[in-house]
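What follows is a single structure, written as structure tokens, with notes after it.
Any read-out appearing in this document is the output of simple, stated calculations on the displayed coordinates, not a laboratory observation. Keep in mind that what you see is a predicted model, and the values were worked out from it rather than measured. Don't worry about glycine lacking a Cβ; one is built from the backbone with ideal geometry, like all the others, and counts go over all protein chains shown.
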Amino acid sequence: MIHSRRDRDKLWEGLLAERARREDIVAHLRSAETAEETIIKAVRSLDAVIQAKEAEIAEYDKMLTAPDGAETWALADLPRVFVALRDRKRMSQAAFGVPLGLRGNQIARYEKIGYAGLSLKRLVNMLDAVHLEARVILTPWTEPSAQAVGDAFDGAIAAATALPVESEESPAEEAP
Amino acid sequence: MIRFDRDRTLAVTRLEEIEDRAARVYDTALARGLDREGAEATIAPLIEERDQLRDEINTYDLVRSGHLEASLPLEDLGFYLTNVRIATGVSVRELSRRMGVKRATIERYEKERWSGVTAARAARVFKALNATAMIHVELPAADRPSADPLGPLEKYR
């Protein structure tokens, strides 16, 4: 489990070493005449380890950035902004916790779960405490979901096909 | 805060009652020999109540017809969630059906201005209303030293 940048970098180094080892084994396999079952198994298990580490690193990296890489966060992802903030400020967990009234180990616990579970009220208070200004930008509700767009589209097609061809020329004002 | 068409109807009725009463009190005051100023003073609290109700009704009508702010501070989010529901013409019952929760739960959330829900849940409410809320946050610029002890982090990306 990655709790800090240091953890991440350690994991990354391990990952590099394992990738190198895998390369070596594969090179060895290529030069050898016959592929030994045990070696193939070893590569497979190494692959699993590499993949798990890659996934873990990717998961941590995801916490440090808004999904689009900018400063706009999906509402559901917003709590993770505290992980990103501490990363940007390069503060220790203990120091970061001071304005929030949290101890270092509490910050560690929160980071583990990406600050999930905070109520909106608490979230607003915490953002305030670390002087982050958050504004809601609503994707207009008039922009319907894909499903609704589909429905509306079907409806529009039904309406269009129901109309006589001349209707295009008849001004709308004359409609009752 | 008016949250339903039914509440609005009640508010309009109450508004009419207040206006009637204010008129009666005003006339009585004049009949008792008070001057205009004095009569106006007697009905001042009623007028205040009337104006407040009018504001509430006007706000509701505005929201009901789909007028919503495009951007607002996060602390108003809960208030806003209810407005999005009103603007989309979704009833509390319908929203609770879409969310798969009891109607009373939505009622309580709205009364509490959604303050107790998590961001994830609030996002699900927006989704249930066919809306999406993004949050703009000004983070300090990334402060990465050029010595680059985080090479792997950058390279990985």
Nitroxide proxy distance, nm - points 7 Å out along Cα→Cβ at A:LEU100 and B:SER91
4.2
Karplus-derived 3J(HN,Hα), 6.51/-1.76/1.60, for each residue of segment A:46-61, Hz, glycine and proline x:
5, 4, 4, 5, 4, 4, 4, 5, 4, 5, 5, 5, 4, 4, 5, 4
Once amide H atoms are placed 1.01 Å from N in the peptide plane, what residues at a sequence separation of 5 or more from B:ALA133, or on another chain, have their amide H within under 5 Å of its amide H?
A:LEU75, A:THR139
Per 5 Å bin, what is the whole-percent P(r) computed from every C-alpha pair distance within chain B?
2, 8, 13, 14, 11, 9, 8, 8, 8, 7, 5, 3, 2, 1, 1, 1, 1, 0
Where only C-alpha atoms are counted, convex hull volume of segment A:82-141 per residue in Å³:
100
Using the structure shown, list the pairs from A:LYS121/B:LYS111; A:LYS53/A:LYS121; A:LYS53/A:LYS89 with a Cα-Cα distance above 24 Å, or answer none.
A:LYS53/A:LYS121; A:LYS53/A:LYS89
Loop sites in segment B:61-120: trypsin sites (Lys or Arg not before Pro), DSSP, at most 14 other Cβ within 10 Å:
B:LYS102
